[in-house]
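I have placed the structure first, in the form of structure tokens, so that the comments after it can refer back to it.
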Amino acid sequence: MCKRSLRKSQMSNADVMRARTAFDDLLRFETRGPGDTANAMRRIATRAAVPFGKLWALRYRPPKEIASHILARIEAAHAAERERQLRRLAHEVQLTSAVAGTAHPAVVAGEAVLRAAGRTPEGTAARRAGRSPAPALVGPDAAPCVPSLRASADLTDLPLWRAASEGE
């Protein structure tokens with residue numbers, strides 16, 4: 001195998017893994033319960049304008065390579081969903097701080113997650129002096145960032161109202 005095809009193979013594997021990671025996160029966000037995987041995949045396919053067969057293959061029969069436009073659509077859908085989840089978290093942090101106070105551990109933890117994502121507790125993107133107001137999801141080289149599964153798991157536990165009701 002020549003060096004050029006080896007590099008292309010390694011690049012294809014990296015693209016497939018990026019697509020699988022982003023799609024797994026999307027599926028975890030979208031699934032409503034046991035037995036809803038296929039329906040969630042159809043909803044994601046419709047929203048992201050990706051053929052259902054491509055998503056099914058990505059989940060159950062990983063391809064050797066993935067088309068760049070499919071990868072771009074999956075990553076764009078992932079970035080949009082992540083933004084939605086961050087806005088939702090910011091809203092719940094505001095509600096919880098109004099009910100339980102700003103010193104409550106759930107509020108502190110929620111604000112920490114928002115700061116780590118480059119957002120303020122009010123839900124807006126943090127603006128740093130000398131930097132463009134581009135979203136925190138896009139790096140300086142304009143390549144979409146795919147968070148690790150561990151970081152994404154912090155964003156899926158959004159019902160902060162539970163913590164407020166524990167104090168009662």
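Where a number appears in this text, it was derived from the coordinates with a stated rule and is not lab data. No experiment lies behind these values; they were computed from the predicted model shown. Quick reminder, even Gly has a Cβ in these numbers, built from the backbone with ideal geometry, and neighbours come from all protein chains shown.
Taking interchain pairs and intrachain pairs at least six residues apart, which have beta carbon atoms under 7 angstrom, with the first residue in the range 82-95 and free of Cβ contacts under 8 Å to residues at least 60 places away in the same chain and the second in a helix (DSSP H, G or I)?
Qualifying pairs under 7 Å: Ala90/Leu114.
Being under 22 Å from Ala117 (Cβ atoms), of a type outside the set (A, V, I, L, M, F, W, C) and surrounded by fewer than 18 Cβ atoms within 10 Å (Cβ to Cβ) is the filter here; which residues of the range 49-84 pass it?
Glu83, Arg84
Count, please, the residues in the range 100-111 that happen to be in a helix (DSSP H, G or I), in contact (Cβ under 8 Å) with a residue 24 or more places away in the chain and buried (at least 16 other Cβ atoms within 10 Å of the Cβ). So that I can check it myself, show each step before the final result.
The initial filter retains those residues of the range 100-111 that are in a helix (DSSP H, G or I), namely 100, 105-111.
Adding the requirement that they be in contact (Cβ under 8 Å) with a residue 24 or more places away in the chain leaves 100, 105-107, 110.
Within this subset, residues satisfying the condition of being buried (at least 16 other Cβ atoms within 10 Å of the Cβ) are 100, 106-107, 110.
Summing the residues that are in a helix (DSSP H, G or I), in contact (Cβ under 8 Å) with a residue 24 or more places away in the chain and buried (at least 16 other Cβ atoms within 10 Å of the Cβ) in the range 100-111 gives 4.
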